[in-house]
Amino acid sequence: MIYVLATDEKYNEAVYSTAKRLVAAIDGLPDPGGPEAKENKRESNFKTKEETAEKRDQFTLVVGGLLAIAFVVPMAQYYAYVSKK
């Protein structure tokens, strides 16, 4: 049941318990047992579709504004550089 420990990100403990169980199996000792499975509910940290939809216009405006600035400013700099000659 390494998967149980991997979901809790206890990788060192997973390797240690696996090695301990293998040594017990090779030496003919009884199995010490694996980790206990427990229900681990993780909550999503993603925004819902509704939360994203209500702010989509703001995001579009910001991204569009940044794209326009990224396009216009170099053109204006080039025009200022060329017009001096």
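Couple of notes before you dig in:
- Atom-type composition of the exposed protein surface of the chain places 62 percent of the accessible area on carbon and sulfur (1.4 angstrom probe).
- Counting only Cβ charges, +1 for Lys and Arg and -1 for Asp and Glu, the dipole size of the chain around its Cα centre is about 720 debye.
- Rolling a 1.4 angstrom probe over the protein heavy atoms with all chains in place gives the chain an accessible area of 96 Å² per residue.
- Reported label for calculated mean projected area of the Cα convex hull in nm² given (1) 12.0; (2) 7.4; (3) 5.7: (1)
- Taking trypsin sites (Lys or Arg not before Pro) across segment 34-72, the ones in a DSSP loop with at most 13 further Cβ atoms lying within 10 angstrom of their Cβ are Lys38, Lys41, Arg42, Lys47, Lys55.
- Exposed loop sites are taken as GluC sites (Glu not before Pro) in a DSSP loop (any state but H, G, I, E or B) with at most 16 other beta carbon atoms within 10 Å; the longest stretch of the chain without one runs 44-85.
- With the charge dipole of the chain set up from +1 on Lys and Arg Cβ and -1 on Asp and Glu Cβ about the Cα centre, the Cα lying farthest toward the positive end among the listed residues Pro30, Thr60, Phe46 is that of Thr60.
- Contour excess over end-to-end distance, with Cα ends at Lys49 and Val63 and 0.36 nm allotted per residue: 3.1 nm
- In order along segment 26-34, the Karplus-derived 3J(HN,Hα) couplings, from 6.51 cos²θ - 1.76 cosθ + 1.60 at θ = phi - 60°, round to 5, 7, x, 7, x, 5, x, x, x Hz, and Gly and Pro are given as x.
- Residue-averaged [θ]222 nm for the chain, counting only DSSP H segments that reach four residues, each worth -39500 (n - 2.57): -21500 deg cm²/dmol
The values are calculated or read from the model by the stated rules, or taken from the named source; none is laboratory data. The structure presented is a predicted model; accordingly, all values stated were derived computationally and were not measured. Reconstructed Cβ throughout: ideal geometry from the backbone, glycine too, with neighbour counts over all protein chains shown. Areas reflect the complete protein model, heavy atoms only, side chains present, ligands, DNA and RNA absent. Shrake-Rupley method; radii C 1.70, N 1.55, O 1.52, S 1.80 Å.
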